[in-house]
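The values are calculated or read from the model by the stated rules, or taken from the named source; none is laboratory data. Just so it is clear, the model here is predicted, and its values are computed rather than measured. Heads up, the Cβs are rebuilt from the backbone with ideal geometry, glycines too, and the neighbour counts pull from every protein chain shown. Heads up: the accessible areas ignore ligands, DNA and RNA and are worked out on the full protein's heavy atoms, side chains in. Shrake-Rupley method; radii C 1.70, N 1.55, O 1.52, S 1.80 Å.
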Amino acid sequence: MGLNQIVLLATQVEEKSLGERMQTALLNTVMGIAIVFVVLLLISALISCFKFINKAEMNAQKKREAVASANAPTPAPVTEAVVEEEELSDDLELVAVITAAIHAYEEAQGNEVPANGLVVRSIRKVNRSKWLNA
């Protein structure tokens, strides 16, 4: 581009009327907004496809697990041991240990506690975090 062409382009800009310049600005604005909305629609379509991608991955994983379980040797049957659940609230040894711990604590604090003066009325678990107890 020569200097003459630059001067010619500059003079052409000045020759446009205000209405023509506003029309060009309006077209630029509309094109910009249209491009933004088209890109947003494409992103929305991509996000909506994620559920289908997830389903396809789950189906592929199930197929892999089915093939792996078909190829795996069958393990020997395992006999399960019957575990009896103990009810801790009726455990007399636990009550004795807690009573002895309270008795030792009170003596360490300098309080006089008679041996038959402590009675454990109930034992219940406190569902609090160790961080709250600190």
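Computed quantities for the displayed model
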item: Val113 being surrounded by 10 or more Cβ atoms within 10 Å (Cβ to Cβ), aliphatic (A, V, I, L, M), at pLDDT 70 or above and not in a loop (DSSP other than H, G, I, E, B); result: no
item: Which numbered condition Ser44 fails, given (1) among the polar types (S, T, N, Q); (2) in a helix (DSSP H, G or I); (3) at pLDDT below 85; (4) under 39 Å from the mean Cα position of the chain (by Cα); result: (3)
item: Which numbered condition Ile33 misses (of (1) modelled with pLDDT under 90; (2) over 30 Å from Pro114 (Cα atoms); (3) open to solvent by less than 100 Å² (accessible area, probe 1.4 Å)); result: (1)
item: Verdict on Ala66 being at pLDDT 75 or above, in a helix (DSSP H, G or I) and exposed (fewer than 10 other Cβ atoms within 10 Å of the Cβ); result: no
